[in-house]
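Q: Below are the C-alpha cells for one structure; questions will follow.
The values are calculated or read from the model by the stated rules, or taken from the named source; none is laboratory data. Just so we're clear, the structure is a prediction, and the values are computed from it rather than from any experiment. As a convention, Cβ positions derive from the backbone with ideal geometry for all residues, glycine included, and neighbour counts pool all protein chains shown.
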Amino acid sequence: MKTALKIIVPIIVVLVGAFVTYRLVRPKYQETGIELKPLPEDNKLAQKEIANARLALSKLKPKGRYMVINTHSNILSLRTEDSVIFQGTCSTGSGGELIDSVSGRRWVFDTPRGIFKISSKIAQPWWRKPDWAFIEENEPIPKNESERLDPEMLGEYALGFGDGYFIHGTIYERLLGVSVTHGCVRLGSDDLKFIYEKTPIGTPLYIF
C-alpha cells in the first residue's frame, strides 16, 4: 500500500495543482468589441500545468502484461493494452471483523486496494495459520510452530503481492465469486495454474 500511495499521491497533487492554478490564474478577459479573448500568458500557464498532469498520468499507464482484480464483481483479468488474455471468477475479502475477546486485538478482512506488483511465486505453498485463524475457530493459539502449518489450504500455487497477501487456490471452489476471504484472492485450480504460468514476477497488479 505504501508503494501505491507513493505513486498516487504525487499524481493527485499535480492534478489538484493544475486545477487550482487554472482557477487562480485562469484567463482574465479583455473586451475587444463583443468578443472576449484570453490573455496569452495566462492561457499558456494553464496549458502547461495541464500538460504536466497528463504526462504524470501517462507514466502510470501499464506497459506489457498486467493484472486487474475487481473486488466488487470478484473478477480477475490478465490483460495487455489491447487484449484480454484471461478473465475468471475469484473471491476477495469479506470485509468482516474479528475481535479477540481476551486481548482486544482486531482484524478486518479486506483485500487491499491500490497498485501492486507480483512479488513472489510459490508452487505447493504451505499456509502458516496466523493467530486469528485459531481465534475464529475458538481454538487455543498453539505454542508449537509446526501446528500452524497447513499444506492444503492454499492450493497448488500462490502468487504474492506484498504484506502477506496472495492470489492462491482454495478447497472451497463452490464459493468462488463470493466475497468470503480474509483478504487474499482465491482462484479455481485450473485458472490458478494458467495465471501462475502466464504471470511473471514484477507483473503490475491493479486492485479496486
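Q: Can you pull out every residue in the stretch 157-179 that is in a loop (DSSP other than H, G, I, E, B), touching a residue at least 24 places away in the same chain (Cβ under 8 Å) and touching a strand residue (DSSP E or B) at 6+ places or on another chain (Cβ under 7 Å)?
A: Phe161, Gly162, Thr170, Leu176, Gly177, Val178, Ser179
Q: Give the number of residues within the stretch 158-174 that are more than 9 Å from Leu187 (Cβ to Cβ), within 18 Å of the chain's Cα centre (by Cα) and not hydroxyl-bearing (Ser, Thr, Tyr).
A: The number of residues fulfilling the criteria is 8.
Q: Is there a residue in the stretch 35-50 that is at pLDDT below 90 and either part of a loop (DSSP other than H, G, I, E, B) or under 30 Å from Asp110 (Cβ atoms) (or both)?
A: Within the stretch 35-50, one or more residues are at pLDDT below 90 and either part of a loop (DSSP other than H, G, I, E, B) or under 30 Å from Asp110 (Cβ atoms) (or both).
Q: Let me ask something else. If you go through the stretch 73-92 one residue at a time, how many are crowded, with 17+ Cβ neighbours inside 10 Å and more than 14 Å from Leu205 (Cα to Cα)?
A: Looking only at that region, the number is 5.
Q: Here's another thing I want to ask about it. Name the residues in the stretch 179-208 that are among the hydrophobic types (A, V, I, L, M, F, W, C) and either modelled with pLDDT under 95 or surrounded by 14 or more Cβ atoms within 10 Å (Cβ to Cβ) (or both), would you?
A: Selection gives Val180, Cys184, Val185, Leu187, Leu192, Phe194, Ile195, Leu205, Ile207.
Q: Determine which member of the set Trp107, Trp132 is in contact with a helix residue (DSSP H, G or I) (Cβ under 6 Å, 6 or more places away or on another chain) and either of a type outside the set (Gly, Ala, Ser) or assigned to a loop (DSSP other than H, G, I, E, B) (or both).
A: Trp107 is the lone residue from the list that is in contact with a helix residue (DSSP H, G or I) (Cβ under 6 Å, 6 or more places away or on another chain) and either of a type outside the set (Gly, Ala, Ser) or assigned to a loop (DSSP other than H, G, I, E, B) (or both).
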